[in-house]
Amino acid sequence: MKNMTVRLEKDEIEELEKEAKKQDESRSEYVRQIIRNRDSTHSALDSDAESAFLREALSRLEGEIERLHEENDRLTRQLEADPVPAVEDSRETSLLTRAKSWMFGRSEGNAD
């Protein structure tokens with residue numbers, strides 16, 4: 001193995017020493033383990049960032065769903081309070097058929 005010198009703040013060294021002691025390793029071995037496992041650390045960080053993004057997106061979608069439910073309820077109450085008369089679809093019923101129904105008081109099915 002080759003040597004490498006790294007300068008760290010006092011509190012950073014103390015933190016590494018505590019972590020190494022918990023793992024029952026020397027400080028040097030603990031730092032080597034961190035370096036060896038850095039790819040999995042990056043993956044975990046990417047995964048954490050992705051999870052946070054997805055949680056935020058889910059939260060926004062849940063808020064939008066709630067807003068739509070409230071809007072639906074509001075529109076339902078409005079329609080119940082002031083119903084709109086049914087409008088015939090002119091594509092399905094010819095003008096002549098509707099006029100006959102109006103004049104003779106027959107239903108559209110019996111107008112012809």
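Each value in this text was obtained by applying a stated rule to the coordinates, not by laboratory testing. Note that the coordinates shown come from a computational prediction; the quantities given were computed from them, not determined experimentally. Virtual Cβ from ideal backbone geometry, glycine too; neighbours counted across all protein chains shown.
Extension gain residue 103-residue 51, at 0.36 nm per residue separation less the Cα-Cα distance, in nm?
Numbers: separation 52, 0.36 × 52 = 18.72 nm, distance 6.70 nm.
Roughly 12.0 nm would be gained on extension.
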Q. Considering only the other residues whose Cβ falls under 13 Å of the Cβ of residue 79, what net charge follows from Lys and Arg at +1 and Asp and Glu at -1?
A. -2
Q: Straight distance only, please: which lysines reach the Cα of residue 18 with their own Cα at less than 23 Å, same-chain residues fewer than 8 apart left out?
A: 10
Q) residue 69: net charge of surrounding residues, Cβ under 14 Å, Lys/Arg +1, Asp/Glu -1, itself excluded? A) -3
Q) So what are the ³J(HN,Hα) numbers for the stretch 10-19, from phi and the Karplus equation (6.51, -1.76, 1.60; θ = phi - 60°), rounded to whole Hz, Gly and Pro as x? A) 4, 5, 5, 5, 4, 5, 4, 5, 4, 5
Q: For the stretch 10-82, compute Rh as the Kirkwood radius over C-alpha pairs and then the Stokes-Einstein diffusion coefficient at 20 °C and 1.002 mPa s; write the answer in µm²/s, rounded to an integer.
A: 128
Q | Options 63, 79, 37, ranked by Cα towards positive dipole end of the stretch 10-82, top entry (Cβ charges) | A | 37
